[in-house]
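Q: Pasting a structure here, questions to come.
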Amino acid sequence: MVEELAKLKDEGLIKYFGFSFHGTPEILQEVVKDYNWDFAQLQVNYLDWDVVKAHEQYNIVQELGIPVTVMEPLRGGGLVNLSEKAMAKLKENYPNSSPAEFGLRWAASQKNVVTVLSGMSNLTQMKENIATFENFTPMSEEEIKVADEIAKIIQSQGEINCTACKYCMEVCPKGINIPAIFSLYNQYKVTNSAFHLKIYYETLSESERANNCIKCGLCNKNCPQNLPIPDLLAQVQKDYEKA
Ligand code: SF4
Ligand code: SF4
């Protein structure tokens, strides 16, 4: 495939030829040798920097001078809907900064980043994103430090690192709504409210719930975050039944 696409680039039909990557640093080391890439698209945000070893991947492409396109700068919205504690840390330091602006600026402040992709659901979010980049200033050392502290708070809450990409759902023979289950479970972890876990879990139809999992493991193969999905679903179900 690389050879064929490289030909199209030589013919001028492709301007920038790069790749998008979810995997281990070891595999990335192999991929970067395959071609003289114009860019690498990596999952880079201040939480995944450590959680999924994003810094190792970033360093590999950075050393080769390959420009970086960032995906998931706000971790599928996870860095927008901060817990009370994480939000308090942000506001105590930067009261005028929104979580989205903070996360986008963090990603764009890394060296060699040429593009930051961000999913937007409405016009307000689009306007906010445009404003962030129109007057873009890279983050200071102090701001980076605060981002690290927020990341530590988030990690201490025991949330599931699901980005809601839904790749797992493409292969689940039981039609379990895995990202929705993990999302409501994360809210429960942040709020520690068993009542909310129960209420929100029951908004899912019976067929979408975790207890239908047959542990076939197909979803695991499709999860870019390498989450042990069947085990996590079992945990959610257990906590729901206790709630
Ligand atoms: S292990 Fe469970 S959640 Fe995963 S694909 Fe199989 S049935 Fe679906
Ligand atoms: S594939 Fe993994 S990260 Fe994506 S929605 Fe499913 S559990 Fe979440």
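Quick note: the coordinates plus some simple rules give every number you see, no bench work behind them. Note that this is a predicted model, so its numbers are computed, not measured. Cβ: placed from backbone, ideal geometry, glycine included. Neighbour counts: every protein chain shown.
Q: Based on DSSP H runs of at least 4 residues, each adding -39500 (n - 2.57), what is the mean residue ellipticity at 222 nm of the chain after dividing by all its residues, to the nearest 500 deg cm²/dmol?
A: So the helix-based figure for the chain works out to -14500 deg cm²/dmol.
Q: Among the listed pairs 152/174; 152/198; 91/111, which are separated by more than 31 Å between their Cα atoms?
A: Those over the limit are 152/174.
Q: Taking N as the number of residues in the chain, what value does Rg over Cα atoms divided by 2.2 N^0.38 Å take?
A: Rounded to two decimals, the normalised Rg is 1.10.
Q: How far, in degrees from 0 to 90, does helix 99-108 lean away from the longest principal axis of the Cα atoms of the chain, to the nearest 10?
A: Between helix and principal axis, roughly 30 degrees.
Q: What is the Cα centroid distance between segment 128-178 and segment 1-56, reported in whole angstrom?
A: 20 Å
Q: Most exposed first by the Cβ proxy, i.e. fewest other Cβ within 10 Å, how do 61, 116, 51, 32 rank?
A: 51, 32, 61, 116
Q: Please get the size of the charge dipole for segment 2-156, origin at its Cα centre, with Cβ charges of +1 on Lys and Arg and -1 on Asp and Glu, quoted in debye to the nearest 20.
A: Around 380 debye, computed over segment 2-156.
Q: Show the residues, 5+ positions off or on another chain, whose built amide H is closer than 5 Å to the amide H of residue 41.
A: The list, which skips near neighbours in sequence, is 19, 20, 21, 69.
Q: Follow-up. Tell me which of 65, 23, 43 sits at the most positive position along the dipole axis of segment 2-156, charges placed on C-beta atoms (Lys, Arg +1; Asp, Glu -1).
A: It is 43, whose Cα lies furthest towards the positive end.
Q: Okay, moving on. Work out the length of the dipole vector of segment 118-243 about its Cα centre, built from +1 on the beta-carbon of each Lys and Arg and -1 on the beta-carbon of each Asp and Glu, and round it to the nearest 20 debye.
A: With Lys and Arg at +1 and Asp and Glu at -1, about 580 debye.
Q: Related question: Taking a point 7 angstrom from the Cα of residue 2 along the C-beta vector, which residues in segment 45-81 have backbone N less than 17 Å away?
A: Of the residues in segment 45-81, 60-67 have backbone N under 17 Å from the label point off residue 2.
Q: Using +1 at the Cβ of each Lys and Arg and -1 at the Cβ of each Asp and Glu in segment 167-242, identify which of 175, 234, 193 lies farthest towards the dipole's positive end.
A: Looking along the dipole axis, the top candidate is 234.
Q: List, in order, the whole-Hz ³J(HN,Hα) value for each residue of segment 201-209 obtained from phi through the Karplus relation with A = 6.51, B = -1.76, C = 1.60 and θ = phi - 60°; use x for Gly and Pro.
A: So the J values, rounded to whole Hz, are 4, 6, 7, 6, 5, 3, 6, 8, 7.
Q: Another question, then. So how much slack lies between residue 38 and residue 148, counting 0.36 nm per residue of separation and subtracting their Cα-Cα distance, in nm?
A: Between residue 38 and residue 148, full extension yields 36.6 nm more.
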